[in-house]
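The values are calculated or read from the model by the stated rules, or taken from the named source; none is laboratory data. Quick caveat: nothing in here was measured; it's all calculated off a predicted structure. So basically every Cβ, Gly included, is an ideal-geometry build from the backbone, and we count neighbours across all protein chains shown. The protein model used for the area step is the full one, side chains on, heavy atoms only, and it has no ligands, DNA or RNA in it. Shrake-Rupley method; radii C 1.70, N 1.55, O 1.52, S 1.80 Å.
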Amino acid sequence: MSDAPPPPDQAPGAPHPRDAARLFGQARAEGDFLAAYGSDRLHHGWLLTGPEGVGKATLAWRIARFLLATPPAEEDGLFGAPEPPATLDIDPEHPVSRRILAGAEPGLTSVTRTVNDKTGRMPDEIVVEDIRRLGKFFGLSAADGGRRVVIVDSADQMNTSAANALLKMLEEPPARTTLLLVSHQPSRLLPTIRSRCRILRLNPLGPHDMQAALDQAGADLPADTAHLTALAAGSVGAALRLLALDGTRLYAELIAILASLPRLDRQRALALAEAAAQRNAGERFDLLLMLIDTALARLARTGAAGQPPAPEAAPGEAEILARLSPDPRRGRAWAETAATITARARHGQAVNLDPAALVLDTVFKIQDTAGKSR
Amino acid sequence: MKISIERGALLKAVSQAQSVVERRNTIPILANVLIEAEGDQVQFRATDLDIEVLDKAPAQVERAGSTTVAATTLHEIVRKLPDGALVTLNADSAAGRLTVEAGRSNFSLATLPKEDFPVMASSEYETNFTANAAVLRRLFDKSKFAISTEETRYYLNGVYMHVADGENGKALRCVATDGHRLARIDAELPEGAADMAGVIVPRKTVGELRKLLDDDEMDIAVSVSETKVRFATPDITLTSKVIDGTFPDYTRVIPQANTRRMEVDASEFAHAVDRVATVSSERSRAVKLQLEEDRLILSVNAPDSGAAEEELAVAYGDERLEIGFNAKYLLEIASQVDRENAVFLFNSSGDPTLMREGNDQSAVYVVMPMRV
């Protein structure tokens with residue numbers, strides 16, 4: 001494989017969503033879409049929501065393949081209307097499937113972040129030029145079959161001007177056009193965009209579907225997947241990311257540091273901070289911040305529920321969580337800390353703070369909370 | 001697939017096909033040309049998803065078949081081969097390679113499966129007619145300068161080809177405009193074109209089409225549907241999507257009652273405009289036209305850099321008029337005139353001006369004035 005970074009709509013360690021032949025655990029969402037398709041009044045804007053990594057993009061590509069490969073139903077023929085399709089599955093050897101895989105389907109276009117021509121860098125957001133490119137796609141007549149599908153992955157990354165540009169197209173798309181918007185946090189989208197889309201909610205996967213999806217992704221699973229599954233919380237994408245970056249061990253390390261509270265094991269915390277600060281450790285650093293957030297969330301839940309969430313995500317986690325967050329009051333304190341830390345981490349990243357300092361600061365803040373709550 | 005083909009024929013076919021391939025393209029299959037060999041000919045097909053070019057060339061087909069290979073690489077190889085060489089293309093589908101052999105040169109190129117290649121379905125065309133290459137060339141050449149580049153008005157990003165009422169009955173008409181100037185070119189209506197639905201031919205297609213129209217004797221088969229347009233010579237077929245929009249009602253903006261008539265030698269006029277515009281470096285250089293009896297004074301006044309003035313003898317018999325235009329627009333419309341004098345019809349300094357060649361109504365240009 002090449003050293004090029006994965007495209008912006010591909011999760012690290014996971015195959016590209018257009019490559020996934022099957023989608024697991026989202027039968028309800030698929031059913032909802034098929035029902036809408038069968039009802040002959042297909043809405044043109046769909047917002048696919050749900051946690052990151054549960055298969056929203058995979059579903060979007062499946063819908064695109066389905067729409068482009070299914071010829072428009074004939075008006076009631078001699079034998080009445082044909083049976084509405086019962087599945088989104090399309091033969092991978094179907095010309096449309098082949099072309100979509102090769103990126104050469106004229107009826108489909110996908111909007112992602114693109115490398116800025118001037119700086120040569122990948123920006124954090126989808127900019128208005130990326131959306132305006134759709135103008136050309138919509139400006140020319142549709143290819144054979146007449147359907148056009150647009151996938152926006154992810155809609156959350158659109159900045160305000162991009163969102164406003166898209167709004168115009170959501171309002172009056174050309175005939176037989178379907179826009180599929182992938183969104184992890186629909187609440188952060190413009191309300192005007194939300195209100196023009198039909199929402200298709202995708203839920204976290206159960207353990208069985210999770211296993212099947214990980215197998216399809218070709219994941220190299222460890223013997224014991226219990227901790228991984230607990231940490232991934234039903235998100236295949238998260239599981240793959242944890243696998244690729246050895247996240248379960250990182251989390252176990254984090255829990256071990258928490259275990260030493262309220263007298264912080266400074267050696268260990270320092271080692272953790274330094275590992276995060278290494279060159280080219282950007283991905284690991286992001287993962288660490290996410291895991292800290294997960295740990296704090298689990299602490300807060302332990303306090304609120306009076307018992308640690310099961311199953312545990314690291315060896316001895318339950319006991320440590322129960323000790324640090326024994327009652328709802330402390331649960332609340334942890335939740336507040338989580339909010340502050342997230343805000344601080346985001347700010348720190350925005351101003352390019354040294355990752356090691358940021359991690360240490362976070363750990364001290366946690367220690368602070370642990371000390372107070374005693 | 002295994003074929004032998006003369007280098008010249010191969011180069012011609014491949015270079016026409018590869019010109020449509022987008023240079024900054026990131027999708028591997030779209031950088032490829034689809035080669036299909038059958039009977040005694042080979043076809044080369046390339047596309048950018050909006051336009052497809054299909055080129056046929058005679059070849060000795062030893063084994064029929066098809067494959068796809070990088071268009072620019074193949075083109076470069078063939079271009080560098082000595083003239084008159086016999087080139088053998090041999091596709092090994094198991095190894096996923098295409099070998100190109102000529103004399104002592106031997107190349108092995110990576111291929112991609114032909115199933116991945118998007119072929120534009122030859123959908124049903126509602127109108128089919130034949131037009132002479134020279135006729136089509138005039139229609140598009142004289143109108144394309146006015147095509148808009150503004151993406152927000154995408155329906156102006158092409159030439160509107162349709163059937164309209166010309167001075168001698170129905171005519172095949174091409175119109176292009178960017179809102180500042182407009183070109184309306186008519187040609188005799190070819191047989192079978194009367195029911196054609198109007199289509200807006202995109203700018204890139206107009207550019208590609210031009211390459212088919214060099215031979216005056218050639219007849220071009222034109223096919224039009226609501227979503228596609230196709231131009232075909234015996235060797236080359238160019239299929240393109242059309243612009244999905246409604247061309248504005250241009251007839252409203254063509255002035256009918258402009259009475260102040262100025263006649264001038266087009267090339268003298270163009271040279272004079274070009275000269276006086278030199279002093280102003282702004283992009284929208286305004287040239288002022290002062291008209292008196294049989295006299296035209298062209299002037300540019302750029303406060304920062306200087307001023308210029310030039311006088312021309314023209315035929316003009318109306319009252320005095322001062323009017324300003326963008327120099328570039330004037331140059332472009334003046335350069336469309338090639339046989340007779342340019343005739344300008346003015347109304348007032350604020351109204352659109354009409355220009356045509358002599359009394360020829362089959363090519364009419366409109367340009368908006370600028371305030372000077």
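Name the residues of region B:229-274 whose accessible area, probed at 1.4 Å, falls by at least 10 Å² once all protein chains are in place instead of their chain on its own?
Relative to the lone chain, where solvent access is computed with a 1.4 Å probe, region B:229-274 loses at least 10 Å² at B:Lys241, B:Val242, B:Ile243, B:Asp244.
So what is the relative contact order of chain A, in percent, for Cα pairs below 8 Å that sit 6 or more residues apart? Don't jump to the answer; show the numbers that get you there.
Working: 526 pairs, mean separation 66.7, N = 374.
Reported relative contact order: 18 percent.
Find the eigenvalues of the gyration tensor of the Cα atoms of chain A, then list the square roots of 5 times those eigenvalues as equivalent ellipsoid semi-axes, largest first, in whole angstrom. Don't skip to the end; give the middle numbers.
Working: eigenvalues 354, 103, 73 Å².
One finds semi-axes of 42, 23, 19 Å for chain A.
Compare A:Asp40, A:Asp361, A:Asp209 in a GNM of chain A, Cα atoms joined below 10 Å, and give the one with the largest fluctuation.
Maximum among the listed residues: A:Asp40.
What accessible area per residue, rounded to a whole number of Å², is obtained for chain B using a probe radius of 1.4 Å? Kindly include the intermediate steps, with their values, before the conclusion.
Values: 17060 Å² over 372 residues.
Accessible area per residue: 46 Å².
May I ask you to give the solvent-accessible area per residue for region A:102-261, in square angstrom, as obtained with a 1.4 angstrom probe? Don't skip to the end; give the middle numbers.
Working: 7090 Å² over 160 residues.
Value returned for region A:102-261: 44 Å² of accessible area per residue.
How much length is gained on full extension from B:Lys170 to B:Glu309, taking 0.36 nm per residue of separation minus their Cα-Cα distance?
Numbers: separation 139, 0.36 × 139 = 50.04 nm, distance 4.42 nm.
Result for the pair: 45.6 nm of gain on full extension.
Report relative contact order for chain B in percent, whole number only (criteria: Cα-Cα under 8 Å, sequence separation at least 6). Please report the intermediate quantities before stating the final value.
On the way: 892 pairs, mean separation 46.4, N = 372.
Across chain B, relative contact order equals 12 percent.
Using Cα springs under 10 Å in a Gaussian network model of chain A, which residue among A:Ala276, A:Ala297, A:Ala350 shows the largest mean-square fluctuation?
Per the Cα network of chain A with a 10 Å cutoff, A:Ala350 tops the list.
Normalised by the number of residues in region B:127-252, what is the relative contact order in percent for Cα pairs under 8 Å and 6+ residues apart?
Values: 271 pairs, mean separation 38.0, N = 126.
Here the relative contact order equals 30 percent.
Can you give the helix-only mean residue ellipticity at 222 nm for chain A, where every DSSP H stretch with n ≥ 4 adds -39500 (n - 2.57) and the sum goes over all residues, rounded to the nearest 500 deg cm²/dmol? Write down the numbers at each step before the final one.
Details: 15 runs with 186 residues, N = 374.
Computed ellipticity for chain A at 222 nm equals -15500 deg cm²/dmol.
Can you give me the % of accessible surface on the protein assembly as shown that is carbon or sulfur? Probe 1.4 Å, all protein chains present, nothing else counted. Kindly include the intermediate steps, with their values, before the conclusion.
On the way: 17220 of 35810 Å².
Carbon plus sulfur share of accessible area: 48 percent.
In the neighborhood of A:Pro315, defined by Cβ-to-Cβ distances under 14 Å, what is the net charge if each Lys or Arg adds +1 and each Asp or Glu adds -1? Walk me through the intermediate numbers first.
On the way: positive: A:Arg249; negative: A:Asp224, A:Glu253, A:Glu312, A:Glu317, A:Glu319.
Cβ neighbours under 14 Å give a net charge of -4.
Assuming a ≥ b ≥ c are the square roots of the Cα gyration tensor eigenvalues, decide whether region B:2-116 counts as rounded (a/c under 1.5), prolate (otherwise, with a/b larger than b/c) or oblate.
On the way: a/c = 1.43, a/b = 1.31, b/c = 1.09.
In terms of gyration-tensor shape, rounded.
Excluding residues on the same chain fewer than 8 positions from B:Lys328, give the aspartates and glutamates whose Cα lies under 12 Å from its Cα.
B:Asp274, B:Glu282
For the pair A and B, how large is the buried accessible area, both sides, in square angstrom to the nearest 100, if the probe is 1.4 Å? Working shown, then result.
On the way: alone 19590 and 17780 Å², together 35810 Å².
Interface area, both chains combined: 1600 Å², rounded to the nearest 100.
Calculated from DSSP H runs of 4 or more alone, at -39500 (n - 2.57) each and per residue, what is the 222 nm mean residue ellipticity of chain B, nearest 500? Could you put the intermediate results ahead of the total?
On the way: 6 runs with 59 residues, N = 372.
After summing the helix terms and dividing by the residues of chain B, the value is -4500 deg cm²/dmol.
Report, ordered by chain and residue number, the aspartates and glutamates lying within cross-link reach of B:Lys170, taken as a straight Cα distance under 15 Å and ignoring same-chain residues fewer than 8 apart.
B:Asp186, B:Glu188, B:Glu191, B:Asp195
Among the GluC sites (Glu not before Pro) within region B:329-372, which fall in a DSSP loop and have no more than 14 other Cβ atoms within 10 Å of their own Cβ?
B:Glu340
For chain A, set up a Gaussian network in which alpha carbons nearer than 10 Å are linked by springs, and say which option among A:Arg249, A:Arg346, A:Arg301 fluctuates the most.
A:Arg346
Which entries of B:Lys56/B:Lys204; A:Lys136/B:Lys114; B:Lys12/B:Lys80; B:Lys144/B:Lys241; A:Lys136/A:Lys168; B:Lys142/B:Lys228 have Cα-Cα distances beyond 19 Å here? Please list the in-between numbers first.
On the way: B:Lys56/B:Lys204 22 Å; A:Lys136/B:Lys114 27 Å; B:Lys12/B:Lys80 13 Å; B:Lys144/B:Lys241 17 Å; A:Lys136/A:Lys168 14 Å; B:Lys142/B:Lys228 23 Å.
Cα-Cα > 19 Å for B:Lys56/B:Lys204; A:Lys136/B:Lys114; B:Lys142/B:Lys228; rest within.
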